[in-house]
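Q: Can you read through this structure? Questions will come right after.
The values are calculated or read from the model by the stated rules, or taken from the named source; none is laboratory data. This structure is a prediction, so every number in the text was calculated from the model and none was measured. All Cβ positions, even for glycine, are placed from backbone atoms using ideal geometry, and neighbour counts span all protein chains on display.
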């Protein structure tokens, strides 16, 4: 599957059925998800690997990882409706993913790679910290999206957990009017994707 084909495929993944502002439920754009997953695959972190998506929403990253040949994929989110929407889509396209409903802290297992788009902390300061802690606990390699302005904070969290930032890619997320407090029809948010590996 080419990156352009993956992007077109991921554009079909459904969005959150009832997005909750408190959970900062924003779907990863399909083009960014495809670019990230292809980059991760080129680094040897997807195909044949055990991949997890923490705070998966409807699972665009998990679904993409499965499509690129991950040996096992686990997707977990506290929002059962979003998980069910992703699970239904994956079932229709024949992808085998271990879908779980619950808090990410309830997951205990070993993964090779985590690819995630956690809450950015716009509604609750450092809401991404529990996701980072869990990712560092269960995987050797972590790909995680964050507000560009918090890059230094994430780097410190990684270092404290014995991880090193090996790559960073900058993106702009187009956030459409979704919640009552949004004032614009669409806003561009500067985001950084960090690849972090245990021990560097």
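Q: Can you work out which of the residues in region 42-59 that are surrounded by fewer than 24 Cβ atoms within 10 Å (Cβ to Cβ) and in contact with a strand residue (DSSP E or B) (Cβ under 8 Å, 6 or more places away or on another chain) is nearest to residue 30 (Cα to Cα)?
A: Among residues in region 42-59 that are surrounded by fewer than 24 Cβ atoms within 10 Å (Cβ to Cβ) and in contact with a strand residue (DSSP E or B) (Cβ under 8 Å, 6 or more places away or on another chain), the one nearest to residue 30 (Cα to Cα) is 43.
Q: Would you mind finding the one in 67, 62, 85 that is crowded, with 17+ Cβ neighbours inside 10 Å, within 22 Å of residue 1 (Cα to Cα) and out of contact with any strand residue (DSSP E or B) (no Cβ under 9 Å at 6 or more places or on another chain)?
A: Residue meeting the stated conditions: 67.
Q: Any residue at all in region 182-191 that's in contact with a strand residue (DSSP E or B) (Cβ under 9 Å, 6 or more places away or on another chain), at negative phi and either at pLDDT 95 or above or surrounded by 17 or more Cβ atoms within 10 Å (Cβ to Cβ) (or both)?
A: Scanning region 182-191, I find at least one residue that is in contact with a strand residue (DSSP E or B) (Cβ under 9 Å, 6 or more places away or on another chain), at negative phi and either at pLDDT 95 or above or surrounded by 17 or more Cβ atoms within 10 Å (Cβ to Cβ) (or both), so the answer is yes.
Q: Hey, another quick one. Please state which one of 142, 114, 101 is in contact with a strand residue (DSSP E or B) (Cβ under 9 Å, 6 or more places away or on another chain) and touching a residue at least 60 places away in the same chain (Cβ under 8 Å).
A: When all the criteria are applied, what remains is 114.
Q: Which of (1) in contact with a helix residue (DSSP H, G or I) (Cβ under 7 Å, 6 or more places away or on another chain); (2) over 19 Å from residue 196 (Cα atoms); (3) modelled with pLDDT under 95 is the odd one out, the single condition residue 118 does not satisfy?
A: Condition (2) is where residue 118 drops out.
Q: Evaluate the following for residue 107: is it under 19 Å from residue 196 (Cα atoms), at pLDDT below 95 and either touching a strand residue (DSSP E or B) at 6+ places or on another chain (Cβ under 8 Å) or surrounded by 20 or more Cβ atoms within 10 Å (Cβ to Cβ) (or both)?
A: For residue 107, the condition - under 19 Å from residue 196 (Cα atoms), at pLDDT below 95 and either touching a strand residue (DSSP E or B) at 6+ places or on another chain (Cβ under 8 Å) or surrounded by 20 or more Cβ atoms within 10 Å (Cβ to Cβ) (or both) - is not met.
Q: State which residue is surrounded by the fewest Cβ atoms within 10 Å (Cβ to Cβ) when the search covers only region 146-168 and only residues that are in a strand (DSSP E or B) and modelled with pLDDT under 95.
A: If we take residues in region 146-168 being in a strand (DSSP E or B) and modelled with pLDDT under 95, then 147 is surrounded by the fewest Cβ atoms within 10 Å (Cβ to Cβ).
Q: Hey, can you tell me all the residues within region 10-27 that are crowded, with 17+ Cβ neighbours inside 10 Å and modelled with pLDDT of 90 or more?
A: 10, 13, listed by residue number.
Q: Before we move on, is residue 132 assigned to a loop (DSSP other than H, G, I, E, B) and at pLDDT 95 or above?
A: No; evaluated as a whole, the condition is false for this residue.
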